[in-house]
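The values are calculated or read from the model by the stated rules, or taken from the named source; none is laboratory data. Because the structure is a prediction, the values reported are computed rather than measured. Every residue, glycine as well, gets a Cβ built from its backbone with ideal geometry; the counts of neighbours run over all protein chains shown. Only protein heavy atoms, including side chains, enter the accessible area calculation; ligands, DNA and RNA are left aside. Shrake-Rupley method; radii C 1.70, N 1.55, O 1.52, S 1.80 Å.
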Amino acid sequence: MCFSTSLRKNREEIEKKLLSQMPANFEIPLEYEPYYHLNGFTHGNFYIIKMDEQKSIYPASWGLVPDWAKQDPKSFLKKSNTLNARSETIFEKSSFKQSAEAKRCLILADGFYEPHHENGLSIPYFCYQPSKEVPEGDLFMFAGLYTELDDDLFTATIITTEANDFFSEVHNKKKRMPLVLADDLYEDWLDDGVNSQTLNELMAHGFTTNEFRAHPVSRDFYKKGIDTNKPYIVEPVEKSTLF
């Protein structure tokens with residue numbers, strides 16, 4: 001599962017970072033604002049790079065609405081949780097099959113939150129990928145799927161896989177993790193010429209080898225009505241396991 005993400009960097013930092021990976025610019029630059037916490041259940045916008053426009057970054061509503069449900073997306077999202085798509089079944093599920101074949105995307109992030117269970121409690125953990133240049137968490141990309149409801153109106157979902165050893169310790173109940181792609185596989189994921197067998201191999205073996213870290217954050221994270229989009233929400237709390 002991955003229902004909460006962060007993208008704390010400003011637009012210029014993101015576009016500069018992408019120059020060395022997959023050059024792309026924000027199509028609606030004035031709309032972008034960094035965020036410490038995006039709750040998928042609010043269906044707010046995160047930011048994607050699409051197969052057919054790989055030099056552009058677009059906002060996309062979190063929660064994929066398939067083409068056959070686009071006439072009434074609100075009703076569809078009330079009945080269906082499409083915040084995540086299990087890698088094992090994207091070519092079988094009617095909500096994801098068409099997008100898996102022809103509308104894949106990269107989803108920008110620099111962190112995400114996972115539940116860790118300890119002594120009967122669920123403790124939110126902030127997961128990030130430190131680097132020498134950005135120790136608090138560098139930019140990375142989730143593998144995703146998207147649909148287009150109207151001109152420049154997109155919806156998207158994050159692909160999840162079985163957790164590796166690290167994330168099995170963090171997300172220690174359901175043992176899933178979002179698919180953070182290795183940066184040398186970005187173009188392969190967006191290649192419209194690859195077949196389902198190759199895509200299945202990418203999903204099975206394409207998780208980044210870059211180190212992740214995780215630390216617990218306040219359980220206030222789970223409270224309704226608090227402003228979680230502030231820097232304090234990613235700060236570690238004591239008396240719990242660090243990974």
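The single condition among (1) open to solvent by 70 Å² or more (accessible area, probe 1.4 Å); (2) touching a residue at least 40 places away in the same chain (Cβ under 8 Å); (3) of a type outside the set (D, E) that K97 does not meet is (2).
Before we move on, is I14 within 26 Å of Y232 (Cα to Cα), open to solvent by less than 10 Å² (accessible area, probe 1.4 Å) and either more than 18 Å from the chain's Cα centre (by Cα) or touching a residue at least 24 places away in the same chain (Cβ under 8 Å) (or both)? So I14 passes the test. Of the strands (runs of 3 or more DSSP E) lying entirely inside the range 61-133, those carrying at least 3 residues that are touching a Gly at 6+ places or on another chain (Cβ under 7 Å) and either at pLDDT below 95 or closer than 30 Å to V217 by Cα (or both) are 104-109, 121-128. In the set Y58, Y32, only one residue is surrounded by 13 or more Cβ atoms within 10 Å (Cβ to Cβ) and either in contact with a His (Cβ under 9 Å, 6 or more places away or on another chain) or free of Cβ contacts under 8 Å to residues at least 40 places away in the same chain (or both); that residue is Y32. Considering only residues in the range 137-168 that are open to solvent by 40 Å² or more (accessible area, probe 1.4 Å) and at pLDDT 95 or above, the one that is nearest to V234 (Cα to Cα) turns out to be F166.
Looking only at the range 24-60, which residues are aliphatic (A, V, I, L, M) and outside any strand (DSSP E or B)? I'd like the intermediate steps shown before the answer.
Initial filter on the range 24-60 (aliphatic (A, V, I, L, M)): 24, 28, 30, 38, 48-49, 51, 57, 60.
Result: A24, I28, L30, M51.
Does at least one position in the range 205-226 carry a residue that is modelled with pLDDT under 90, under 18 Å from P135 (Cβ atoms), loosely packed, with under 12 Cβ neighbours inside 10 Å and not small (G, A, S)? No, every residue in the range 205-226 fails to be modelled with pLDDT under 90, under 18 Å from P135 (Cβ atoms), loosely packed, with under 12 Cβ neighbours inside 10 Å and not small (G, A, S).
Of all helices (runs of 4 or more DSSP H) completely enclosed by the range 143-243, which ones contain at least 3 residues that are basic (K, R), touching a residue at least 24 places away in the same chain (Cβ under 8 Å) and within 16 Å of G111 (Cβ to Cβ)?
Numbers: elements: 165-170, 186-190, 196-205.
Passing ranges: none, list empty.
How many of the residues making up the range 35-55 are closer than 25 Å to V194 by Cβ, of a type in the set (F, W, Y) and without any contact (Cβ under 8 Å) to a residue 60 or more places away in the chain?
Number satisfying all stated conditions: 0.
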